[in-house]
1. Could you list, in sequence order, the residues of segment 230-244 that are surrounded by fewer than 16 Cβ atoms within 10 Å (Cβ to Cβ) and without any contact (Cβ under 8 Å) to a residue 40 or more places away in the chain?
2. What tally of residues in segment 188-205 results from selecting those that are touching a helix residue (DSSP H, G or I) at 6+ places or on another chain (Cβ under 7 Å) and touching a residue at least 40 places away in the same chain (Cβ under 8 Å)?
3. Scan (1) in contact (Cβ under 8 Å) with a residue 24 or more places away in the chain; (2) exposed (fewer than 12 other Cβ atoms within 10 Å of the Cβ); (3) within 30 Å of residue 63 (Cα to Cα) for the single condition residue 277 breaks and write down its number.
4. Could you check residue 297 against (1) closer than 17 Å to residue 257 by Cβ; (2) surrounded by fewer than 19 Cβ atoms within 10 Å (Cβ to Cβ) and say which number it fails?
5. So residue 146 fits all but one of (1) assigned to a loop (DSSP other than H, G, I, E, B); (2) touching a helix residue (DSSP H, G or I) at 6+ places or on another chain (Cβ under 9 Å); (3) under 29 Å from residue 277 (Cβ atoms); (4) free of Cβ contacts under 8 Å to residues at least 12 places away in the same chain; what number is the exception?
6. Collect the residues in segment 102-127 that are over 20 Å from the mean Cα position of the chain (by Cα), assigned to a helix (DSSP H, G or I) and either in contact (Cβ under 8 Å) with a residue 60 or more places away in the chain or within 19 Å of residue 222 (Cβ to Cβ) (or both), keeping them in residue-number order.
7. Looking at 121, 83, which one is at pLDDT 85 or above and surrounded by fewer than 17 Cβ atoms within 10 Å (Cβ to Cβ)?
8. Quick one: in segment 265-274, of everything that is more than 21 Å from residue 73 (Cα to Cα) and in contact (Cβ under 8 Å) with a residue 60 or more places away in the chain, which residue is surrounded by the most Cβ atoms within 10 Å (Cβ to Cβ)?
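The values are calculated or read from the model by the stated rules, or taken from the named source; none is laboratory data. None of the values given here were measured: they were computed from a predicted structure. Positions of Cβ are backbone-derived with ideal geometry, glycine not excepted, and every protein chain shown enters the neighbour counts.
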């Protein structure tokens, strides 16, 4: 663009309340899906984790043949997956976990402050016990005085696990079982199995075939297939009739209302005592509809026989929440005791 024309355009934009700056190549990860290629993929991952894999193709075909409301995707559409997800680098910044795009500029500083907040409540010492290897494209941070890598995958998990243990005393139980709805690639399953040797069974289920495929691979790769499994949606009726806890982390918010209602019925029919929901919206439970609107579903959770046991921000420091731009909340429900 000629310098004179560029000046005219910039002046016009400034008078209109806008400012334009050039985005440098290293800054693109703040705005677009991305992954860290600095660590090699595990042996065989590149050839197995691709869209031509017969297992993935079979799952896609099977899911298309189901007549279930949870398959009416409003966010996780095929075109979104094609644009944002590289199967072999599934732990990068994508639909599953926003990393740089969540923190934006000054990501390293913002992440460090988030670490300090979570560390202050890490009663289980999970930041010391659980490890991050940065595999499959996961963006990581390292800090002076800390020998281990850190990631949003790890930090979110440590925060969520400590929160659950605070209220459910999971570490003190002889055994317990978990149902993870919208489990993605199995992030939370992996961390929960590492944190709790007394976790007897962890079932993951998801209405997106790519998630089922990746989750099955990841659970086996992490060596926890004896306790955690990825259940295809075609086999949802084989889920256990008893779980102690159901979790839905940043998933119901990306589903339609009819899909959420269907999932809640699966929870209600199993009389699961505890239900943790972490929505995308700060203080409300809202769906994502095809026309761009949102519907409230808190009343539907309550109508399934649950009461709100606790609600609090995922990060406790209000100044931190404002600085890093994250105002997520935990919603913990407990099933009412029949009288």
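1. Selection gives 235, 237, 238, 241.
2. Selection size over segment 188-205: 3.
3. (2)
4. Checking residue 297 against (1) closer than 17 Å to residue 257 by Cβ; (2) surrounded by fewer than 19 Cβ atoms within 10 Å (Cβ to Cβ), the one that fails is (2).
5. Going through the list (1) assigned to a loop (DSSP other than H, G, I, E, B); (2) touching a helix residue (DSSP H, G or I) at 6+ places or on another chain (Cβ under 9 Å); (3) under 29 Å from residue 277 (Cβ atoms); (4) free of Cβ contacts under 8 Å to residues at least 12 places away in the same chain, residue 146 breaks only (3).
6. 113
7. Residue meeting the stated conditions: 121.
8. 272
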